[in-house]
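For reference, the structure discussed in these notes is given below.
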Amino acid sequence: MRPTISLDGFWQFRHESDSAWRQVRVPMPWQAECADLRLTSGRASYRRHFAHPGRSEEHTSELQSHACI
């Protein structure tokens with residue numbers, strides 16, 4: 001079995017209408033997290049730093065993302 005880590009939790013988020021990064025919980029729609037964006041749609045960026053468990057040159061990694069668009 002491959003080691004896994006959950007990336008659920010707090011992420012940095014930036015909506016296309018805003019230049020500032022803010023903190024939101026994932027998985028959660030941004031409309032539920034940000035009162036000023038409740039009636040918006042559009043594009044957004046997310047980022048998060050995390051430690052890769054057991055990183056080495058001999059192993060490959062896979063990142064799976066599931067999102068509703």
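The values are calculated or read from the model by the stated rules, or taken from the named source; none is laboratory data. Note that the structure is a prediction, hence the values are computed from the model and not measured. All Cβ positions, glycine included, derive from the backbone under ideal geometry; neighbour counts span all protein chains shown. Accessible surface areas use protein heavy atoms only, side chains included; no ligands, DNA or RNA. Shrake-Rupley method; radii C 1.70, N 1.55, O 1.52, S 1.80 Å.
The figures follow:
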read-out: Any hit, the range 20-30, residues being at pLDDT 90 or above and in contact with a His (Cβ under 6 Å, 6 or more places away or on another chain); value: no
read-out: Top-ranked residue of the range 21-46 - restricted to ones that are of a type in the set (A, V, I, L, M) and in contact with a strand residue (DSSP E or B) (Cβ under 7 Å, 6 or more places away or on another chain), ranked as nearest to Q64 (Cα to Cα); value: V26
read-out: Residues (open to solvent by 90 Å² or more (accessible area, probe 1.4 Å) and assigned to a loop (DSSP other than H, G, I, E, B)) located in the range 1-16; value: M1, R2, P3, T4, D8, E16
read-out: Residue within the range 32-42 that is of a type in the set (D, E, K, R), within 11 Å of the chain's Cα centre (by Cα) and open to solvent by 70 Å² or more (accessible area, probe 1.4 Å) present; value: no
